[in-house]
Amino acid sequence: MTRALHFLLTRGFKNRLLLRLNRLRRPKYLISILVGLVFLSLVFFQPFYPDLSALASFAADTQSAEAVQSGFALLLFGAVVFYWLFAGERNELFGEAETQWLFPAPISRRALLHYHMAKAQIGIMFGTILSALVFGRSFAIPSAGFFVAGIWIVYFFLYLCRVAVILLKKALIERGTQDLKLKAWVLGFIALAGCAAAAWMRWVDHEAMGLRDPAPAGPAAWFLNITGSGPAYYLLVPFRMMVRPIFACDYSQFALCLGPALGILVFIYGWIQYSKTDLGKTLRSGIAKRGRRMKERQGFRSRRPPFPLAAKGEPFVALYWKNLILSGGLDLHLTLAALAASVLISILLASASVDDALMIIGAAAAALAGFLTLLGPILFREDLRTDLKNIDLLKTYPIPGWGIVLGEALGPATVLAILEWELSLLAAAALPSFGNIPWQVSDRIFWVLAAAMLMPLMSFLGVLVQNAAVLLLPSWVQLGREHPQGVEAMGQRLITSAATLFLLLVAALLPAALFFAVMQAGYPMLGTAVLPLASLPAAMVLLLEAGAAISWLGRIYDRFDAAYE
Amino acid sequence: MIEVEGLTRVYHSLKAVDGLSFRVESGEVLGLVGPNGAGKTTALRCIAGIIPPTRGDIRINGYSILKDSLAAKRHVGFMPDEPRLFEHLSVDEHLQFTARIYGVENFAAKARILLDELELSSQKDSLPGELSRGMKQKLVIACGLLHSPENLIFDEPLTGLDPQGMRRMKGTILARARAGAAVIVSSHLLHMVEEICSRILILKAGRKIIYGSLEEISRNRVETEGDLNLEDIFLRVTGNSGGERS
């Protein structure tokens with residue numbers, strides 16, 4: 001790395017640190033760093049840390065420890081698949097200023113890569129310390145030192161994988177491969193691997209067992225059986241090598257595990273270093289470069305409009321239309337649906353009986369629907385969180401504040417609603433009857449109707465809470481591609497997450513009371529048919545709350561002074 | 001018509017614009033000039049309704065930007081110096097989007113004319129990532145002109161344009177003014193301001209120091225300082241006489 005890059009890195013870090021210290025004069029930043037520090041100290045000194053002794057004893061067992069390692073390896077594999085599907089679309093390797101200043105300068109590709117790696121170390125180190133504090137207390141870790149070193153290796157591996165995948169994708173796209181086709185290949189490979197692993201379990205390795213009939217060894221052995229034999233074993237070999245150093249007991253074992261892990265790191269680093277892919281051009285520019293020719297040849301578009309936009313009508317619909325295009329709409333949906341389908345086929349093949357498979361699928365779909373209802377609004381961000389950087393443009397539009405808020409929030413709320421409806425349908429169709437709960441076709445329909453009314457409205461409220469945070473505390477919220485790090489950012493995230501959950505809880509109190517009151521009164525007469533009826537008043541209250549929130553946020557937007565934030 | 005009365009904008013302790021008043025009639029082109037940090041962009045952002053004034057008022061076609069902001073904004077087209085676009089909307093989709101925001105009737109025909117005028121027709125399916133800076137600037141201008149506003153605000157309109165694009169842009173501004181639009185152009189290109197503006201306002205440290213037609217301004221100076229062009233006047237009144245003619 002040249003002296004100039006070293007200067008840029010160290011001075012940039014120092015100035016950022018000074019800026020953060022300076023900002024502590026403002027109470028909201030001081031509070032957030034205090035909250036972050038309190039959280040870290042609680043984790044470190046454990047006064048309120050949950051009792052994880054059961055987990056620790058589970059991990060202490062040899063077979064379970066191997067299952068934990070396999071679990072970590074599977075997570076790493078998932079992360080790499082994620083990179084293949086999505087990396088580089090939003091975050092480029094180098095920022096705009098870096099591209100503008102560094103690429104025309106007489107700096108070698110190697111120096112630029114080393115600068116990028118050195119810069120990434122800040123995040124990797126912070127992640128390593130945090131993971132060591134959190135996970136180091138949860139598992140029976142043989143050695144803290146090996147654990148920290150192992151975690152650093154894993155994070156550095158993920159970093160190198162991301163860079164390598166972005167460069168490889170860029171090279172493929174520049175050679176004419178369509179972005180969608182690339183995703184289809186990845187999904188095809190996952191489906192093939194999943195099916196191969198599942199088929200192996202079903203027809204070759206007969207130790208596969210159903211969830212309802214666990215072997216004496218329990219779920220750990222079941223999981224080990226799946227990940228430890230046949231194609232799945234070979235697929236996870238490199239990832240297992242990367243996680244082994246974390247669990248090393250002594251120096252000799254650590255040294256033995258370190259060799260293969262470092263070998264993989266050196267291999268990926270070598271590939272990145274000696275590949276000819278231009279670091280300066282972004283993945284998006286590669287897609288854009290190919291885009292025109294592809295559009296002409298195959299009618300290809302990276303994002304499709306969800307519906308034709310008429311010139312007449314409520315102006316806020318234009319924002320809704322734009323956000324649906326930005327959220328990826330059909331393409332994102334197709335990718336997720338294909339991924340889900342490949343997982344479903346694998347589960348069906350791997351399970352001992354159809355009932356077992358349906359149980360897993362149904363439970364997973366229901367859990368995912370619940371997860372999306374509560375946390376989906378944090379993940380789907382194509383609203384004011386993305387558009388605040390365009391506030392100058394938004395402010396010139398002749399749209400009242402409530403229209404801006406409604407138009408912005410409807411986009412992610414719609415994407416979430418569609419996913420929740422699909423998952424509810426899947427859960428209701430797949431889940432077998434359980435205990436004494438009535439579960440005929442009509443019961444399933446009533447459950448789905450109730451979920452279809454309540455879940456999207458809850459997520460809509462969640463999206464509104466997130467947008468309220470943007471308007472009230474814009475400097476606390478991750479806007480666009482920015483990704484603030486550090487104790488202060490962690491504290492801010494903790495506060496906003498806690499406030500989000502608290503506000504959702506408060507918003508759900510009255511609807512929940514109404515729902516249960518109607519259920520109580522109607523269930524003896526109507527049975528499960530009362531579910532959609534009980535959901536109606538609850539949904540009405542949620543709608544009213546959303547309306548009140550939109551009106552209030554609209555007034556805040558109208559008063560919002562972009563110059564100050 | 002744009003009327004600005006006692007416009008003041010304060011950032012913390014800094015007065016970016018201080019008691020600014022002026023008026024731009026239909027068919028008039030006002031050139032807003034001043035050194036860096038004079039408050040030009042702040043004044044334009046207040047007039048476009050992006051940031052609220054600390055004191056004073058702005059009326060667009062008689063509508064106050066403070067009391068009736070939506071009606072006022074319907075009659076303004078703001079073209080910022082930095083073209084901000086939505087990254088996954090094509091050129092054509094940006095125009096569709098703008099048409100819906102302003103409820104533009106028969107927008108397809110208007111959009112086609114604008115795309116031809118600004119030489120963007122061949123790019124109508126392109127995403128912002130495929131456009132050069134100049135093309136992005138043209139797209140922002142096309143979106144700003146789509147609803148045929150009676151009041152136009154251009155912040156550095158020639159930035160990023162090639163010589164042909166600059167000539168066309170000047171023609172577009174003059175054509176809109178001739179059609180009855182009230183136009184404000186902020187620029188550091190004094191020869192362009194001299195060429196197309198009927199009135200000139202020089203700002204310094206947020207205050208209006210000169211306001212009038214070029215002839216009026218020159219006439220006032222001729223008696224004391226001889227024959228001066230806008231650049232000379234600008235450099236003298238803003239206190240930067242480094243390039244002053246001998």
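No value in this document is a laboratory result; all are computed from the given coordinates. Only a predicted model underlies this, so the values are computations on that prediction, with no experimental measurement involved. For neighbour counting, all protein chains shown are included, and Cβ atoms are generated from backbone atoms with ideal geometry for every residue, glycine included.
Descriptive notes on the structure:
- Between A:ARG20 and A:LEU505, the modelled label-to-label distance comes to 2.9 nm, taking each label 7 Å out from Cα in the direction of the beta carbon.
- Residue order, fewest to most surrounding Cβ atoms within 10 angstrom, among B:LYS67, B:LYS170, B:LYS40: B:LYS67, B:LYS170, B:LYS40
- If R0 equals 51 Å, the separation of the Cβ atoms of A:ARG555 and A:TRP203 corresponds to a calculated FRET efficiency of about 0.20.
- Rg(Cα)/(2.2 N^0.38 Å) for chain B, N = residue count: 1.03
- Taking 7 Å steps out from each Cα toward its Cβ at A:ARG110 and A:LEU75 produces label points 3.6 nm apart.
- Peptide-level mean, for B:52-61, of C-beta atoms on other protein chains within 10 Å: 1
- R0 of 45 Å, Cβ-Cβ distance A:ASP392-B:GLU216: FRET efficiency to nearest 0.05: 0.85
- Extension reserve of the A:TYR269-A:VAL237 stretch, reckoned as 0.36 nm per residue once the Cα distance is removed: 9.6 nm
- Partner shielding of A:556-563 amounts to 3, given as the average count of beta-carbon atoms from other chains within 10 Å of each residue beta-carbon.
- Full extension of the chain between B:ASP57 and B:HIS191 gives 45.2 nm of extra length, using 0.36 nm per residue less the Cα-Cα distance.
- Order of B:HIS12, A:HIS6, B:HIS94, A:HIS114 under a 10 Å beta carbon neighbour criterion, fewest first: B:HIS12, A:HIS6, A:HIS114, B:HIS94
- Shielding by partners - mean other protein chain Cβ count within 10 Å, residues of B:4-13: 1
- Among A:125-134, B:174-183, the order from most to least packed when residues are scored by Cβ within 10 Å on average: B:174-183, A:125-134
- Proxy reagent accessibility, fewest Cβ within 10 Å first, across A:LYS312, A:LYS276: A:LYS276, A:LYS312
- Inter-label distance, nm, simple model (7 Å from Cα along the C-beta direction), A:LYS312/B:ALA109: 1.5 nm
- Taking 24 Å as the limit for the C-alpha separation, the pairs B:LYS110/B:LYS136; A:LYS322/B:LYS170; A:LYS389/B:LYS73; A:LYS312/A:LYS389; B:LYS73/B:LYS204 exceed it in the case of A:LYS322/B:LYS170; A:LYS312/A:LYS389; B:LYS73/B:LYS204.
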